[in-house]
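Below is one structure, written out as structure tokens, with a few remarks after it.
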Amino acid sequence: MKIPFVTAEQLEKITAEFPTPFHLYDEKGIREKARALNQAFSWNPGFKEYFAVKATPTPTILKILQEENCGVDCASEIELLMSHKLGFKGEDIMFSSNDTPAKEFQYARKLGATLNLDAYEHVEFLKNVTTIPEIISCRYNPGGIFTLGTDIMNNPEESKFGMTKSQLIQAFKDLKALGVKKFGIHSFLASNTVTNDYYPTLAKALFELAVEVVAETDVALDFINLSGGIGVNYKPEQTENDIFKIGDGVRKAYEKVLTPNNLGHIKIFTELGRFMLAPHGHLITKVLHKKQTYRDYIGVDACAVNLMRPAIYDAYHHISVSGKEILPETESYDVVGSLCENNDKFAKQRKLPPIEVGDTLIIHDTGAHGFSMGYQYNAKLRSAEILWQENGTPRMIRRAENAADYFATLYGFDF
Ligand SMILES: Cc1ncc(COP(=O)(O)O)c(C=O)c1O
């Protein structure tokens, strides 16, 4: 069972003040998560989390993370601009982009962000479009199949991201010749891993790579970026990741591989998004209609534009019916939105307690890659975002879009 971070009474007050649908974020949970992560890696003096802005590009959330000593990982010009305006300094910004336009490299350089090059070919491109920085990182793709024990986790060979080992070594040599003084290695091999072994396994592979790369290039290696990929237990029966076990696993690999090779100064960076935010966001929606045909449908006022993951990945998001959490799940419903698309379903044949029109549903684990993946199909508008503050009061941190927002970019018509 998943317990919402607001009670039914609290939610009734919040929905009386703010119309549904909206994303609700738990400030306390976010702060506690950031503190736990920093604590779990406190054995590494240079440790820093660069929160993946793409997961939740919401300024108030980024400010909370900034107060908890996190930096930001950006992948586009607007993410860079937002981070800059929020007061993130150059060294607090990682620019992990791919297929990058010249102007984005130029802007990232202007801000002093740390560039993380996705392709060997970008060394030449960078040299031609902007200045070469003192510190730079390269993204590694080992190819083959990435396994954890007997489980196949991903297929890096098919991934468009990163460069091969020989390209990475050549990139380091070329960049050193161009004046780069310090280097980093980055890799992201699997997404939403619900196991404490992913980071330690990735870390060991990257630490061994680091030893080899330094031996071959004699560069000053400053950091290793384990990127994102630590997941969350979207399904209640899954076991939640334990960040302290994960941090300890990385420490053991560090002490086994890096320390004996005189690389005990290397900083560990992360770019977590989902792990940091997903459980601390709920999508709150009310039931508009019930419909019975070959299945029983519950029509809600949110739809896939507010949360795309079920529609595109068939992803599971747990649903609680506010105030009915402990009732037996005697019904089987498809919970749907109003888009003219049959994949606009938050749940299919989900066991839930009896639901009535007007009930409030809580869709769990929507704090990352939720609002941010929103779109406007069917001329649906993006919802509001509300912060459930530490003091137990709600605050709107982004208003819902309105018709004027939708029409704002059109020329030649006055709607
Ligand atoms: C470069 C990079 N870093 C970090 C992340 C964050 O990943 P996650 O939210 O799974 O932790 C992503 C996600 O797409 C990414 O592309």
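A short reminder: the numbers here are calculations on the coordinates, not readings from a lab. Model, not experiment: these values are computed from the prediction. Every residue, glycine among them, receives a Cβ derived from its backbone with ideal geometry; neighbour counts consider all protein chains shown.
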Inset, instruction - Please work out how much length the chain gains when fully extended from Glu325 to Tyr375, using 0.36 nm per residue of separation minus the C-alpha to C-alpha distance, in nm with one decimal. - result: 14.9 nm
Inset, instruction - Please list, or write none, the lysines whose alpha carbon is within less than 21 Å of the alpha carbon of Lys291, excluding same-chain residues fewer than 8 places away. - result: Lys324, Lys345, Lys348, Lys351
Inset, instruction - Obtain the nm distance between the two label points defined at Ile145 and Tyr313 by a simple spin-label model: each point lies 7 Å from its Cα along the Cα-to-C-beta direction. - result: 2.1 nm
Legend entry - Amide N proximity, region 299-343 versus Thr293 label position 7 Å along Cα-to-Cβ, cut-off under 16 Å: 299-300, 333-343
Inset, instruction - Can you check what the net charge comes to around Pro200, using other residues whose Cβ is under 10 Å from the Cβ of Pro200 (Lys, Arg +1; Asp, Glu -1)? - result: +2
Legend entry - Of Lys48/Lys181; Lys2/Lys160; Lys48/Lys110; Lys63/Lys127, pairs whose Cα-Cα distance is over 27 Å: Lys2/Lys160; Lys63/Lys127
Legend entry - Calculated [θ] (222 nm, deg cm²/dmol) that DSSP helices of n ≥ 4 give over the chain, each run adding -39,500 (n - 2.57): -8500 deg cm²/dmol
Inset, instruction - Would you mind computing the Rg to Rh ratio of the chain from its alpha-carbon coordinates, Kirkwood style for Rh? - result: 1.00
Inset, instruction - Take every DSSP beta bridge whose two residues both sit in the chain, then give the antiparallel share in percent to the nearest 5. - result: 40 percent
Legend entry - Eligible aspartates and glutamates near Lys256 by straight Cα distance, threshold 13 Å, same-chain separation 8 or greater: Glu208, Asp248
Legend entry - Most mobile of Asp151, Asp174, Asp314 in a GNM of the chain (Cα contacts under 10 Å): Asp151
Inset, instruction - For Gln10 and Glu401, compute 0.36 nm times the residue count separating them, minus their Cα-Cα distance, and round to one decimal in nm. - result: 138.3 nm
Legend entry - the chain: most fluctuating residue of Ser159, Ser42, Ser338 per GNM, C-alpha cutoff 10 Å: Ser159
Inset, instruction - Pick out which of Ser332, Ser372, Ser227 has the largest mean-square fluctuation in a Gaussian network model of the chain, springs linking Cα atoms closer than 10 Å. - result: Ser332
Inset, instruction - May I ask you to order 122-130, 193-201, 63-71 by the average number of other C-beta atoms within 10 Å around their residues, highest value first? - result: 193-201, 63-71, 122-130
Inset, instruction - In nm, give the distance between the simple-model label positions of Val211 and Ala177, each being 7 Å from the Cα along the Cα-to-Cβ direction. - result: 2.9 nm
Inset, instruction - Taking amide H positions as placed in the peptide plane 1.01 Å from N, state which residues far from Arg350 in sequence (5 or more) or on other chains have amide H under 5 Å from it. - result: Tyr333, Asp334, Val335
Inset, instruction - Measure nothing fancy, just the Cα-based angle from helix 8-17's long axis to the longest principal axis of the chain, in degrees from 0 to 90, nearest 10. - result: 90 degrees
Inset, instruction - List the lysines whose Cα lies under 17 Å from the Cα of Lys252, skipping any in the same chain that are fewer than 8 positions away. - result: Lys204, Lys267
Inset, instruction - Could you please state, rounded to a whole Å, how far the C-alpha centre of region 61-113 is from the C-alpha centre of region 223-241? - result: 23 Å
Inset, instruction - Only Cα pairs under 8 Å and at least 6 apart count here; give the relative contact order of region 27-278 as a rounded whole percent. - result: 21 percent
Inset, instruction - May I ask you to give the average projected area over all directions of the convex hull of the Cα atoms of region 1-72, in nm² rounded to one decimal? - result: 6.4 nm²
Legend entry - Surface/4 estimate of mean projected area, convex hull on alpha-carbon atoms of region 1-149, nm²: 13.2 nm²
Legend entry - Cα pair count fraction exceeding 18 Å, expressed as % - region 169-249: 50 percent
Legend entry - 10 °C / 1.306 mPa s Stokes-Einstein diffusion coefficient of region 96-218, Kirkwood radius on C-alpha pairs, µm²/s: 104 µm²/s
